[in-house]
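Following: one structure in structure tokens, then a few remarks.
The values are calculated or read from the model by the stated rules, or taken from the named source; none is laboratory data. Since the structure is predicted, the reported quantities are computational estimates derived from the model, not experimental observations. Cβ placement follows ideal geometry from the backbone for every residue including glycine, while neighbour counts extend to all protein chains displayed. Calculation scope for accessible area: heavy atoms of the full protein, side chains included, ligands and nucleic acids excluded. Shrake-Rupley method; radii C 1.70, N 1.55, O 1.52, S 1.80 Å.
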Amino acid sequence: MDWQPMADKVGAEVRGVDLATINGEDLYALKQLVYDRGVVVLRDQSLSPEEHIALAERWGGIDINNYFPLQDEYPQIAIVRKAADQQTNIGGAWHTDHSYDQVPAMGSILVARTLPPSGGDTHFAHMGAAYDSLSDDLKAEIEGLQAFHTADHVYKADGIYAHTDIGKDLRGHDVKTGAFHPVVIRHPQTGRKLLYVNGSFTIHFVGKTREESLPLLQRLLDAALTADNQCKVVWRPGTVAIWDNRTTWHNAMNDYHGYAREMHRITLSGDALAA
Ligand code: SIN
């Protein structure tokens, strides 16, 4: 397997791999690359829905998202769609998926199905590099802290998405979520220290109210995004990206109004997180 970095600290573009058949040592090597670089991109794949599902099962299992529309025929596959006449996209802010679950999904395999003529890139930021870049004082301040995460305010019947034109497409308005995680986790496979808070789902630190938590949370969110810990996936027909939710945040650009974009996402099962 041959790969090139997408940026200094994050991302890898892989060549010489057919995701429809990858297995054994090659699959192991691809997993290690995802855990380490946070996101990998593979071009010119032609994954059928069945091959997409089979790859996720070989990887380690599927964690079905509570909220996104699912394919009728293949309910393991979530549809991330913005129609040409819609204004709001799914995932258009920095976040990590499923941090509101006590055992968060490991990551996702996202397959490009319909793309706008330009735009619709997905940006990624590396949370190991983000942690490393914090000052020693800030690292000491967050050592041992835990935070509470939920998605209720985003997806409930009168939540953030309900006030947008994609609200009607989403499911799970009555689902209740809530999870406690260390603010600094060790990656379950690599052992690397990672900053594990995000602006979409992290609500407060344990022992503090939302208001008391906001100043420190905002400092962490600001510090987590540095120019040199980011890369972007520019999608082309046949592109597949696989990312690690523990290692990265991501943010889907919403800069293609008037055009449809449809991606098929399978979310991969993860592990409980520890400091
Ligand atoms: C997401 O999973 O947050 C959406 C990613 C994308 O559409 O690029």
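With each run of n ≥ 4 DSSP H residues scored as -39500 (n - 2.57), what mean residue ellipticity at 222 nm is computed for the chain after dividing by its residue count and rounding to the nearest 500 deg cm²/dmol?
Theoretical 222 nm ellipticity from helices: -6000 deg cm²/dmol.
Which ³J(HN,Hα) values, rounded to whole Hz and listed in residue order, are derived for segment 189-206 from phi using the Karplus coefficients 6.51, -1.76 and 1.60 in 6.51 cos²θ - 1.76 cosθ + 1.60 with θ = phi - 60°, glycine and proline given as x?
For segment 189-206, the Karplus-derived couplings read 9, 9, x, 5, 6, 10, 6, 10, 9, 8, x, 8, 10, 7, 9, 7, 7, 5 Hz, x marking Gly and Pro.
Using amide H atoms built in the peptide plane, which far-off residues or other-chain residues are under 5 Å from His204 H to H?
Phe148
Per residue, how big is the convex hull of segment 208-263 when only Cα atoms are used? Give it in Å³.
Residue-normalised Cα hull volume stands at 153 Å³.
Students sometimes get this wrong: rank Ser99, Ser135 by accessible area, probe 1.4 Å, all chains present, largest first.
Ser135, Ser99
Beta carbons within 10 angstrom, averaged per residue: use that to sort the peptides 164-170, 238-244, highest first.
238-244, 164-170
Test of understanding: what is the full-extension gain from Asp136 to Asp121, defined as 0.36 nm times their sequence separation minus their Cα-Cα distance?
Full extension of this stretch gives 2.0 nm more.
Tell me, what ³J(HN,Hα) does each residue in segment 41-47 have, in order and in whole Hz, if you take phi through Karplus 6.51 cos²θ - 1.76 cosθ + 1.60 with θ = phi - 60° and put x for Gly and Pro?
My calculation for segment 41-47 gives 10, 10, 9, 6, 8, 10, 6 Hz in order.
Mind checking the alpha-carbon convex hull of segment 163-275 and giving the volume per residue in Å³?
Cα-based convex hull of segment 163-275, divided per residue, equals 180 Å³.
Give me the dipole magnitude in Debye, nearest 20, for segment 2-268 about the Cα centre, with unit charges on the beta carbon: positive for Lys and Arg, negative for Asp and Glu.
Dipole size: approximately 140 debye.
Could you tell me the calculated FRET efficiency between Ala260 and Leu70, based on Cβ-Cβ distance and R0 = 22 angstrom, to the nearest 0.05?
0.75
Modelled label-to-label distance, Ala162 and Leu214, 7 Å Cα→beta-carbon offset: nm?
So the two model labels end up 2.2 nm from each other.
Search the structure for amide H atoms under 5 Å from the amide H of Ile62, placed 1.01 Å from N in the peptide plane, and list their residues when 5 or more places away or on another chain.
Excluding prolines and chain starts, which carry no amide H, the hits are Ser269.
Could you give me the ³J(HN,Hα) list for segment 75-81, computed from phi with Karplus coefficients 6.51, -1.76, 1.60 and θ = phi - 60°, whole Hz, x at Gly and Pro?
Using θ = phi - 60°, the values come out as x, 6, 9, 8, 9, 9, 10 Hz.
Once the dipole of the chain is set up with Lys and Arg at +1 and Asp and Glu at -1 on Cβ about the Cα centre, which of Gln189, Ala130, Ala112 lies farthest towards its positive end?
Ala130
Using modelled backbone amide H atoms (1.01 Å from N, in-plane), which distant-in-sequence or interchain residues come within less than 5 Å of Ala12's amide H?
Met6, Val39, Val40, Val41
So which of Lys168/Lys208; Lys82/Lys156; Lys9/Lys139; Lys139/Lys232 end up more than 31 Å apart by C-alpha?
In this structure, Lys168/Lys208 exceed 31 Å between Cα atoms.
Where nothing but the Cβ of Lys and Arg (+1) and of Asp and Glu (-1) is charged, how large is the charge dipole of segment 76-224 around its Cα centre, in debye to the nearest 20?
Dipole about the Cα centre, nearest 20: 400 debye.
Whole angstrom only: what separates the Cα centroid of segment 8-47 from the Cα centroid of segment 179-240?
23
Mean-square fluctuation check for the chain, GNM, Cα pairs under 10 Å: which of Met106, Met127, Met263 is largest?
Highest fluctuation among the options: Met263.
Build a GNM of the chain with springs between Cα atoms under 10 Å: which of Asp97, Asp158, Asp72 gets the top mean-square fluctuation?
The residue with the greatest mean-square fluctuation here is Asp72.
Using the membrane-span-like helix rule (whole DSSP H runs, Cα extent along the own axis of at least 24 Å, mean Kyte-Doolittle hydropathy at least 1.6), which helices of the chain qualify?
Answer set is empty.
Computing the accessible area with a 1.4 Å probe over protein heavy atoms, can you report the carbon and sulfur percentage for segment 2-268?
C and S fraction of accessible area: 50 percent.
Averaged across orientations, what area in nm² does the convex hull of the alpha carbons in the chain project?
Average of the hull's projected areas for the chain equals 13.8 nm².
Specify the residue with the greatest mean-square fluctuation among Ala54, Ala125, Ala140, computed from a Gaussian network of the chain linking alpha-carbon atoms under 10 Å apart.
Residue with maximal mean-square fluctuation among Ala54, Ala125, Ala140: Ala140.
Please name which of Val234, Gly207, Phe148 has its Cα lying farthest along the dipole of segment 2-268 towards the positive end, using unit charges on Cβ (Lys, Arg +1; Asp, Glu -1) and the Cα centre as origin.
Ranked along the dipole, the leading option is Gly207.
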